[in-house]
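Let me begin by presenting the structure, written as structure tokens, before commenting on it.
The values are calculated or read from the model by the stated rules, or taken from the named source; none is laboratory data. None of these values were measured; they are calculated from a predicted model. Cβ atoms come from the backbone with ideal geometry, glycine included; neighbour counts cover every protein chain shown.
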């Protein structure tokens, strides 16, 4: 087996919830998740992660789009124009706009380059960038999160606070985020199809 599952405590997804925990991710990646173009994230942690390594301590979270460190050359060519479009839009640095929420349906760990390369059709980044995430802290496995992404009923804007700065993965949002009735961006069938393809690439048994 080229990868191993990590168990997650099952939680019921509610149709109306208040979300307070957020995961930082490039805005262009959040956009791809929101469009159903990909359902996975690769993580080993932020530079200033308190625990030094990434941990999925929150299996349900808001997607916090960030604009730092995004570069065209780290994306496959077909996705580079979308980054240009996002960067051309006006962004108020004094606030955060949330549009989507996610639930980790599966957590898989990989430690070798071959399975990361096999996942290439399922992410927007270049292979070399994905490989760099694997090779950073080589003794720590790379977390592959399979996410079920949901659209908030209405976008929610909250003030940006100094506590949210820094290269950390998880942020506790102080302002209340009322998500209303959330809707999955992919149908059950399409999500399962993509998830099964990803697990097939990793040689993880399909349930």
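Structure notes:
- Counting only residues that are touching a helix residue (DSSP H, G or I) at 6+ places or on another chain (Cβ under 9 Å) and under 19 Å from residue 23 (Cβ atoms), segment 104-118 holds 3 of them.
- Residue 206 vs. criteria in contact with a helix residue (DSSP H, G or I) (Cβ under 6 Å, 6 or more places away or on another chain) and either farther than 26 Å from residue 112 by Cβ or modelled with pLDDT under 90 (or both): yes
- Looking across segment 73-102, the residues that are crowded, with 19+ Cβ neighbours inside 10 Å and closer than 25 Å to residue 59 by Cα come down to 96, 98, 100, 101, 102.
- Reported count of residues in segment 186-203, each being within 20 Å of the chain's Cα centre (by Cα) and either surrounded by 19 or more Cβ atoms within 10 Å (Cβ to Cβ) or touching a residue at least 12 places away in the same chain (Cβ under 8 Å) (or both), is 10.
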